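To start, the structure itself, in structure tokens.
The values are calculated or read from the model by the stated rules, or taken from the named source; none is laboratory data. Nothing here was measured: the structure is a model prediction, and the numbers come from that model. Here the Cβ positions follow ideal geometry from the backbone for every residue, glycine too, while neighbour counts run over all protein chains shown.
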Amino acid sequence: MNNPASHPPTASERAANATRQCRRRRLREELIDEGVPLPLEGRLGEVVLEELDHARHPELHEGSLPRYGALVLDEGAELWPGAKAAPEVVKLPLEGFELGRRLADGRASFVLRYGPDTSHVVFFDRSLEFESSLVDLQRGSGAIVVQRSASGRVRAVSPDGIITWDSARWTFKPLAGHYAPPIRRLVPKADPGVLDGLLELCVHWLSAGRIGATLEWVLDEDEPGRRPGLDLRASIPSPDLWADRDVHFPGVLGAAAQMDRAIIVGARGRVVRFGVGLRSSDTASRLIAPVGGTRHTSARRYSYDDPNSIVFVVSQDGPVTVFRGGAPAASLRVERCEATVRFDPHRSGGASTPPGPSAAPGAVRPSSWTWSTSPAGRVGPSTSSAPCAGRPSWWPCTGRRCAACSTGRGARWPRGGPSTRLGAPRAKLAEGPRAKLAEGPRAKLAERPPGAAG
């Protein structure tokens with residue numbers, strides 16, 4: 001953000017501004033190359049790049065790494081369209097912007113950016129440090145949330161998902177709501193509010209907290225009791241907790257972190273019991289091979305035996321799998337942005353499934369897709385028949401985004417590009433002085449019979 005100054009910028013200030021501009025230009029190229037799903041065009045994209053750059057390059061003070069947080073809104077956007085209670089907003093004078101950044105700790109206070117020249121500081125009455133809180137903040141404010149934690153990890157939460165930079169790579173995690181449609185198609189009569197709550201609990205609470213857990217949602221009973229396959233001997237009845245009320249999520253998370261076995265949830269969302277064992281029949285054990293660890297295998301086999309249930313499994317290292325009828329209905333993994341949105345244009349066939357949570361791991365994208373930049377600035381597949389549709393003129397083809405490349409992934413230029421043109425000078429060089437040297441004295445020496453005098 002360029003603030004008016006009472007005096008012309010000094011040489012050091014001009015050098016610092018030039019350095020920041022170069023960093024943001026390189027950051028933009030990096031985000032495009034990695035396929036990070038963030039808006040990068042227009043005034044909104046300019047502010048997003050500025051805030052990400054600031055978050056990735058903190059200034060140490062007395063050896064400590066400061067936290068930071070920013071909310072980036074497009075100009076004219078409605079403030080807090082889905083917020084339960086609006087926070088306190090303090091407008092910053094232009095000359096006080098750098099101080100405003102120091103006031104934003106990324107937990108209970110954030111810089112609010114409307115554009116390059118408009119900013120505020122927003123104060124909340126609670127901490128918004130964790131992933132679940134940031135997702136709620138994004139929904140309530142409609143903004144892109146940028147946060148730097150005390151460890152230096154940078155996160156950006158958008159309507160699409162959570163983008164994380166861990167000082168080495170960019171990763172992407174879709175929001176929990178993106179996984180609901182394919183599950184709803186399997187169980188159209190299930191309560192959609194309970195499904196959304198269970199996904200929210202698994203994806204943004206248990207998975208984000210690295211807490212392994214198994215939750216069984218019984219679809220045909222509000223108070224499931226003794227069902228075949230449920231081992232209730234060591235289980236504990238639950239108080240009045242509900243899976244569709246986020247105020248109860250901390251309690252469920254705390255219990256799951258200290259107990260093994262499954263949590264049983266009734267059809268309407270009431271949490272019924274903790275510590276329930278899932279047993280499988282001989283048929284399920286014979287037909288369904290072990291998959292993953294014990295938690296995944298028992299959940300998948302139980303879902304085969306009980307067709308009126310859905311089993312949610314959260315791994316301790318983060319992935320979430322939803323089983324229905326002995327098969328996975330949805331699967332979530334935090335993937336590199338490169339792996340999330342990239343496809344191989346040189347392979348054909350496969351299902352025409354767009355990148356997203358509904359795509360099966362390893363699914364082949366149709367070869368007719370080409371890479372383009374959408375009006376929102378997101379990099380993604382386009383149905384245009386022209387290769388490299390929408391590719392910026394400064395971005396050379398890398399063989400990973402161009403359907404016209406001839407040598408596959410990793411090629412630097414399309415067919416007929418500079419690599420082909422460079423072939424001619426090299427061929428002429430091979431016919432030049434070096435070729436004549438090969439026909440000169442050395443060649444004559446090679447023709448002399450063995451033992452001939454020099």
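Data overview
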quantity: Residue among Val146, Val111, Val121 that is in a strand (DSSP E or B), closer than 28 Å to Gly318 by Cα, among the aliphatic types (A, V, I, L, M) and in contact with a helix residue (DSSP H, G or I) (Cβ under 9 Å, 6 or more places away or on another chain); calculated: Val146
quantity: Only listed residue being modelled with pLDDT under 95, of a type in the set (Ser, Thr, Tyr) and within 22 Å of Pro174 (Cβ to Cβ), chosen from Ser309, Ser281, Ser285, Ser331; calculated: Ser331
quantity: First in the range 95-114 and of a type outside the set (Val, Ile, Thr), second anywhere and in a helix (DSSP H, G or I), Cβ under 6 Å, 6 or more apart; calculated: Ser109/Leu103; Arg113/Val47
quantity: Glu95 being assigned by TED's automatic domain parsing to the domain that holds Arg43, more than 29 Å from Ser331 (Cβ to Cβ) and among the charged types (D, E, K, R); calculated: yes
quantity: Given (1) touching a strand residue (DSSP E or B) at 6+ places or on another chain (Cβ under 7 Å); (2) in contact (Cβ under 8 Å) with a residue 40 or more places away in the chain; (3) under 25 Å from Leu186 (Cβ atoms), index of the condition Asp231 fails; calculated: (3)
quantity: Enumerated strands (runs of 3 or more DSSP E) restricted to the range 162-247, each holding at least 1 residues that are outside the structural domain of Val146 (by TED's automatic domain parsing) and in contact with a Phe, Trp or Tyr (Cβ under 7 Å, 6 or more places away or on another chain); calculated: 213-218, 236-242
quantity: Test: residue in the range 46-57 that is at pLDDT 85 or above, in a loop (DSSP other than H, G, I, E, B), within 28 Å of Gly140 (Cβ to Cβ) and of a type outside the set (Val, Ile, Thr); calculated: no
quantity: Some residue of the range 162-173 being surrounded by 19 or more Cβ atoms within 10 Å (Cβ to Cβ), touching a Gly at 6+ places or on another chain (Cβ under 6 Å) and under 16 Å from Thr321 (Cβ atoms); calculated: yes
quantity: Subset of the range 23-45 (residues that are assigned to a loop (DSSP other than H, G, I, E, B) and surrounded by fewer than 18 Cβ atoms within 10 Å (Cβ to Cβ)); calculated: Glu41
quantity: Unique residue being at pLDDT 95 or above and crowded, with 22+ Cβ neighbours inside 10 Å when the list is Trp242, Trp205; calculated: Trp205
quantity: Condition check for Ser280: closer than 18 Å to Asp220 by Cβ and of a type outside the set (A, V, I, L, M, F, W, C); calculated: no
quantity: Selection count, the range 90-108, where residues are in a strand (DSSP E or B) and closer than 10 Å to Arg67 by Cα; calculated: 0
quantity: Near pairs, Cβ below 6 angstrom, 6+ apart or cross-chain, from the range 301-319 (more than 19 Å from His204 (Cβ to Cβ)) to any residue that is assigned to a strand (DSSP E or B) and among the basic types (Lys, Arg); calculated: Ser303/Arg324
quantity: Filter result (within 23 Å of Pro250 (Cβ to Cβ) and either free of Cβ contacts under 8 Å to residues at least 40 places away in the same chain or among the small types (Gly, Ala, Ser) (or both)) within the range 137-160; calculated: Gln138, Gly140, Ser141, Ser149, Ala150, Ser151, Arg153, Arg155, Val157
